[in-house]
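I have placed the structure first, in the form of structure tokens, so that the comments after it can refer back to it.
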Amino acid sequence: MSGYELLARDLAACGRDGFTGEVRVSGSPGGAFHLHGGLVVAVESPGAPGPEALLLRSGRIGGEEWAALVRESGGARWPAAGLIAHGYAGAAQLRVVCAMSLQDAAFAVVAGSVDGCERGPAAGPPPAAVAVGEPPTRLLQEASRKLRALLALPYPVRPDRERPTPAPVSCAATRLGDLRCELLAHADGRRTARDLAFRTGRGVYTVTVEVARMLGEGLLECVDEPHPIPVLLPADGGGLGPREPATPAAPPQGPPPGPDASALPRRRPGASGINEALTPEPNGGTGWKEFFRLRNPTAR
Amino acid sequence: MDHQALAREMRGLREQVTGITDTAVAAADGLLIAADTADSIDPEGLAALAAAGLGLARRTSEATARGALHRTVAYGSHGCAAFYAVGDTALMVVLGDEGMDVERLHTATQPALRRIDLILTRKAAEGV
């Protein structure tokens with residue numbers, strides 16, 4: 001039984017049983033299907049950007065703002081209410097992002113290799129769950145249909161296999177769309193279609209199809225040999241020695257108990273010099289009174 | 001030292017764990033040995049930061065009686081940077097995007113760290 005058949009059989013059984021919980025899929029990239037009452041409400045996979053990555057990487061919200069929303073929502077992984085309240089996205093947009101992310105992650109799991117599946121209880125509320133879940137069989141059928149369509153292209157590409165670079169002809173290409181310009185900018189011979197999807201904040205299926213088309217049109221090309229990794233150390237390993245111990249050896253004995261090097265650094269009062277700066281000098285130099293006068297020039 | 005074997009280990013790790021974007025190996029003092037990094041990363045600066053970060057984390061672990069340091073991981077909104085000690089002589093940096101499964105990375109890294117340590121120290125010992 002192939003990995004896909006195994007996954008299809010287990011998820012279909014979850015649907016029949018009205019299972020609520022998590023199905024963890026081992027493999028590459030693998031992932032986790034979150035189910036509620038036999039319907040898939042969220043899918044997470046290292047192979048596809050989740051809703052958070054889609055919002056952050058597309059620039060719809062900054063990292064600091066996201067962190068503030070997470071704090072505001074009490075540590076929720078998907079602060080949907082805050083995103084809407086602060087105007088970063090509308091409720092309908094978030095529903096679309098979650099649904100697209102679910103489909104995309106299912107595609108990433110199906111397009112990779114599946115080693116096994118394991119049911120388990122839900123570790124918590126599923127992140128970025130859709131309101132109306134997808135029947136698992138239909139979800140997998142749609143994912144495998146996408147994979148077949150991708151592999152039927154003239155230059156078939158796997159999300160985690162090819163690492164394309166811009167072809168020389170791409171420099172002269174004009175009237176390229178936004179996605180193609182971004183892919184040309186980020187394709188460096190090291191990134192797969194999956195990596196490019198994360199980098200650009202777009203779905204992995206969308207990016208993989210576009211990479212396949214661009215390879216077919218000669219805008220991108222795949223080099224046979226990967227970039228060499230230069231090693232700077234001489235072959236005899238010269239210059240490589242053990243790190244110095246963090247704690248010096250303790251003296252064998254000694255009456256004065258010196259500062260313990262392994263202890264936390266201790267701050268000495270007055271080390272900053274602020275007291276000297278603010279203490280009144282005998283000759284009438286700066287002092288606390290002068291400090292407050294500087295802060296509030298009208299004070300007497 | 002077998003340069004090709006070291007490069008194979010670094011590239012193999014990137015292909016083994018989905019989401020790894022860059023790797024670098026440096027001496028314990030922060031001198032860069034090898035980098036499989038994108039052009040946007042300064043590998044020498046990264047190696048120096050990794051040595052300083054691991055040193056600080058090791059010192060913190062000792063000062064707070066947390067035992068031997070395993071690794072440090074810096075999480076950002078666009079991914080994370082993991083720093084591992086390679087034996088007593090070197091360190092390895094792994095950068096990943098937000099999709100990388102960090103637990104899977106830690107599992108996959110352990111055998112690679114042992115092999116990289118052997119690659120670095122075997123020939124170094126022979127060359128002395």
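For the options B:ALA24, B:ALA35, B:ALA52, a Gaussian network treatment of chain B with springs between C-alpha atoms closer than 10 Å singles out B:ALA52 as fluctuating the most. A cut-off of 5 Å between modelled amide H atoms, ignoring neighbours fewer than 5 places along the same chain, links B:THR89 with A:ARG243.
The residues A:LEU139, B:LEU91, when put in order of fewest to most other Cβ atoms within 10 Å, stand as A:LEU139, B:LEU91. For segment A:3-145, what's the relative contact order in percent, using C-alpha pairs closer than 8 Å and at least 6 residues apart? The value is 39 percent. Neighbour counts of C-beta atoms inside 10 Å place A:SER45, A:SER58, A:SER101, A:SER2 in the sequence A:SER2, A:SER58, A:SER101, A:SER45, starting with the fewest. Here the Karplus curve 6.51 cos²θ - 1.76 cosθ + 1.60, taken at θ = phi - 60°, turns the phi angles of segment A:13-27 into couplings of 5, 4, x, 5, 7, x, 5, 10, x, 10, 10, 8, 10, 8, x Hz, with x standing for Gly and Pro. Residue-wise HN-Hα couplings along segment A:190-203, as the Karplus relation 6.51 cos²θ - 1.76 cosθ + 1.60 with θ = phi - 60° gives them from phi, are 10, 9, 7, 4, 4, 5, 5, 5, 5, 5, 9, x, 10, x Hz; Gly and Pro carry x. Quotient of the Cα radius of gyration of chain B and 2.2 N^0.38 Å, N being its number of residues: 1.01.
Peptide B:29-35 is shielded by partner chain Cβ atoms: per residue, an average of 4 of them sit within 10 Å of its Cβ. Among the residues of B:36-47, the average count of other protein chain beta-carbon atoms within 10 Å of the residue beta-carbon is 2. Amide H to amide H distances under 5 Å link A:GLY116 with A:SER26, where only residues 5 or more positions off or on other chains count and H is placed in the peptide plane. Show me, for segment B:108-117, the HN-Hα J-couplings you get by feeding each phi into the Karplus relation (A = 6.51, B = -1.76, C = 1.60, θ = phi - 60°), rounded to Hz, glycine and proline as x. Karplus-based 3J(HN,Hα) across segment B:108-117 equals 6, 6, 4, x, 5, 4, 4, 5, 5, 4 Hz.
For segment A:1-125, just say rounded, prolate or oblate: build the C-alpha gyration tensor, square-root its eigenvalues into a ≥ b ≥ c, call rounded for a/c under 1.5, and beyond that prolate if a/b exceeds b/c, oblate if not. Note, shape of segment A:1-125 comes out prolate.
Amide H to amide H distances under 5 Å link B:ILE33 with B:VAL25, B:ALA26, B:ALA27, where only residues 5 or more positions off or on other chains count and H is placed in the peptide plane.
Per-residue mean of foreign Cβ neighbours for B:94-105 is 4 (Cβ atoms of other chains, 10 Å radius). Of the peptides B:66-78, B:4-16, A:27-39, the ranking by mean beta-carbon count within 10 Å, highest at the top, reads A:27-39, B:4-16, B:66-78. Taking packing as the residue-averaged number of other Cβ atoms within 10 angstrom, the listed peptides A:85-94, A:158-167, B:39-48, A:187-196 run from highest to lowest as A:187-196, A:158-167, B:39-48, A:85-94.
If you take all other residues with their beta carbon under 12 Å from the beta carbon of A:ASP17, and give Lys and Arg +1 and Asp and Glu -1, the sum is +1.
Quick note: the coordinates plus some simple rules give every number you see, no bench work behind them. None of these values were measured; they are calculated from a predicted model. Note: ideal-geometry Cβ built from the backbone for every residue, glycine included; neighbour counts use all protein chains shown.
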